[in-house]
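In what follows, a single structure is set out as structure tokens and then discussed.
Nothing in this text is a laboratory measurement; each read-out follows from the coordinates by a stated rule. Just so it is clear, the structure is predicted and the values come from calculations on it, not from any experiment. With ideal geometry, Cβ positions are generated from the backbone for all residues, glycine too; neighbour counts draw on all protein chains shown.
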Number of protein chains: 2
Amino acid sequence: MANSPTGESVLERVDRILAAFTAEDSRLTGGQIAALTGLPTATAHRLARDMARRGWLERVEGGHYVVGTRLWELASRSSRELDLARTARPFMGDIHAALRQHVQLGIVDGREVLLVERLSQPGAVPVRASVAGRLPLHLSATGLVLLAHGPREHQQAYLEAPLSSVTGLSPTDPAVLAADLERIRVQGHAVQTGYLEPDTTGIAVPVRGRGDQVVAGLGVVTRAGDPAARAGAIVQALHTAAHGIRRTLRETGR
Amino acid sequence: MANSPTGESVLERVDRILAAFTAEDSRLTGGQIAALTGLPTATAHRLARDMARRGWLERVEGGHYVVGTRLWELASRSSRELDLARTARPFMGDIHAALRQHVQLGIVDGREVLLVERLSQPGAVPVRASVAGRLPLHLSATGLVLLAHGPREHQQAYLEAPLSSVTGLSPTDPAVLAADLERIRVQGHAVQTGYLEPDTTGIAVPVRGRGDQVVAGLGVVTRAGDPAARAGAIVQALHTAAHGIRRTLRETGR
């Protein structure tokens, strides 16, 4: 097991090792990497050392590894996610300044929404995911709006698999979720209360790109019962920002 | 050459392929990847396909590849660079709002400054590097302040290698640069005019972390002759922001 016979499996192992590092577990020993990835200990240690030699991981005090600067650089300098986040950020800042709530931008990746940017509000309601974090599409407003405006085939496939629930407040019946998605598509925004946290409301709108296709979801996370949410003020602010992002994407040719 | 015999060389090749993608060349065909990396064409095509299977690259129209969402996600979710950038961003925004100039944050990586965040000002002076871009330490104010406040051994090694020049206005004599670094260390900020662009001034201060060590350089890029630069107003704004970043790093335990 010391060396992998094919390039394919090295890539796969390196991917598994990198996936073991998260916002919560950002420092891991070789032994922890082995435990989290299921790789043989000697293999995990050897690969981690190899990755550290190239700056993909870095060795820090206590024999821990962290994700390396080199990997961040390689991933960031031509990243479409970073481009989108940077384009959206000023408009997200406008919403944030006006509403003093968490603002987040997400894209679809498989059955999940991947958060590419977030502006957080100290003291606002607690939220589950951070930047580069993931949530099931049907449990967050940002995900729902992306699912509702995405390809029909993707929706159908999504509805065919079991629908998980965290709080018991989100739909687990595919027919109910299908009707919700239809309503979201017609009204142009999604609202969910209590799907992830009992006292939290998420509100999101689609962000369109150069063409008419939806490239991201833009959402606010607020306290359930927030008067601004009831009055439609948040939806209006989100639509305004989404329009600004689209205009900038068009102007810059992205 | 179809398969690499050891894990080491697969990692190295994957690193070379990823390094071929830049902000300017963000879409590459398999053939272009081969040309830019020097890998045999068949190897480049095969590795690109393997990387695409794992989402490290993505296939887009015209047979081009782009850096994939998966790689961005792996690199971002526990990234210290992203943490630092996110901590610094509000303070960089304050400078940006006050001065309407480019503001950038960089860290040392070898003989270069790696930019981890930038807030750009439309219509301000053109600048060379973008986020995840690099500049030689002695050619940018952010790099100079990092070099001046870094370990003595690093400075000495830096001064022993040839000092490149872009405009002919930067020091190429190591004794001159050594004196400049001493002055920067004493006065606590760096100013350079014309080292990268003839009509551009860079001004930067060190950002300290939890301890007293310098963890980043914070700089503004402005027009040469900017009255705010002459009056010391930019240096003062930068010191204020650097202090805020340090306080936040301490409060959040990073």
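Partner shielding of A:9-15 amounts to 6, given as the average count of beta-carbon atoms from other chains within 10 Å of each residue beta-carbon.
Where a ≥ b ≥ c are the square roots of the eigenvalues of the C-alpha gyration tensor, would you call the range B:198-254 rounded, which needs a/c under 1.5, or, failing that, prolate if a/b is larger than b/c, or oblate?
Values: a/c = 3.75, a/b = 2.51, b/c = 1.49.
Since a/c reaches 1.5 and a/b is larger than b/c, the shape of the range B:198-254 is classed as prolate.
In nanometres and ascending order, the distances from the B:SER120 label point to those of the other copies are 2.8 (point 7 Å from Cα along Cα→Cβ).
For chain B, modelled as a GNM whose springs connect Cα atoms under 10 angstrom apart, the maximal fluctuation among B:GLN101, B:GLN156, B:GLN192 occurs at B:GLN156. Considering only A:VAL113, A:VAL67, A:VAL214, the Gaussian network model of chain A with Cα springs below 10 Å gives its largest mean-square fluctuation to A:VAL67. For A:VAL191, what charge total do you get from the other residues with a beta carbon under 13 Å from its beta carbon, if Lys and Arg give +1 and Asp and Glu give -1? Once all neighbours under 13 Å are counted, the net charge is 0. Across the identical copies, the label point of B:SER164 (7 Å from Cα in the Cβ direction) is separated from its matches by 4.7 nm, in order from shortest.
When the Cα gyration tensor is reduced to axis lengths a ≥ b ≥ c, the ratio a/c is 1.5 or higher for the range B:79-120, and with a/b not above b/c it is classed as oblate. Where does helix A:80-99 land angle-wise versus the long Cα axis of chain A, in degrees 0 to 90, nearest 10? Once rounded, the angle reads 50 degrees. Once divided by 2.2 N^0.38 Å, the Cα radius of gyration of the range A:161-232 becomes 1.20. Close amide H contacts of A:GLY68 (hydrogens built in the peptide plane, cut-off under 5 Å, sequence separation of 5 or more or a different chain): A:LEU57, A:GLU58. Its relative contact order, with pairs defined as Cα atoms under 8 Å and 6+ residues apart, puts the range A:18-68 at 36 percent. Legend: Rg and Dmax of the range B:7-75, from Cα coordinates, 10.8, 32 Å. Taking label points 7 Å from Cα along the Cα-to-Cβ direction, B:ALA157 and B:HIS243 give a separation of 3.5 nm. Near B:THR200, the amide H atoms lying under 5 Å from its own belong to B:GLY194, B:ALA224; only residues 5 or more places off or on other chains count, and H is placed 1.01 Å from N. Hey, with R₀ at 22 Å, roughly what FRET efficiency would A:GLU182 and B:VAL60 work out to, going by the Cβ-Cβ distance, to 0.05? Efficiency, rounded to the nearest 0.05: 0.10. For A:THR172, the shell of other residues with beta-carbons less than 14 Å away shows a net charge of -3, using +1 for Lys and Arg and -1 for Asp and Glu.
Test of understanding: what is the full-extension gain from A:ALA52 to A:ALA35, defined as 0.36 nm times their sequence separation minus their Cα-Cα distance?
On the way: separation 17, 0.36 × 17 = 6.12 nm, distance 1.86 nm.
Residue separation times 0.36 nm, minus the Cα-Cα distance, leaves 4.3 nm.
Summing charges over neighbours of B:VAL235, with a neighbour being any other residue whose Cβ is under 14 Å away from its Cβ, gives +1 when K and R count +1 and D and E count -1.
When only C-alpha pairs under 8 Å and at least 6 residues apart count, what is the relative contact order of chain B, in percent? Walk me through the numbers before you get to the answer.
Numbers: 407 pairs, mean separation 35.8, N = 254.
Contact order relative to length: 14 percent.
Rounded to whole numbers, the Karplus 3J(HN,Hα) couplings from phi for the range B:18-34 are 4, 5, 6, 8, 10, 4, 7, 10, 8, 10, 10, 7, x, x, 5, 4, 4 Hz, using 6.51 cos²θ - 1.76 cosθ + 1.60 with θ = phi - 60°, and x at Gly and Pro. With its label point put 7 Å out from Cα toward Cβ, B:GLY225 sits 6.3 nm from the same residue's point in the other copies, in order from shortest.
Over the range B:80-251, what number does the Rg to Rh ratio reach, with both radii from the alpha-carbon atoms and Rh per Kirkwood?
Values: Rg = 14.6 Å, Rh = 15.7 Å.
Taking Rg over the Kirkwood Rh, I get 0.93.
On the principal axes of its alpha carbon atoms, the protein assembly as shown extends 76, 58, 45 Å, with the longest extent given first. Using Cα centres only, tell me the gap between the range A:126-190 and the range B:9-55 in whole Å. Going from one Cα centre to the other spans 35 Å.
Taking label points 7 Å from Cα along the Cα-to-Cβ direction, B:GLU12 and A:ARG223 give a separation of 5.9 nm.
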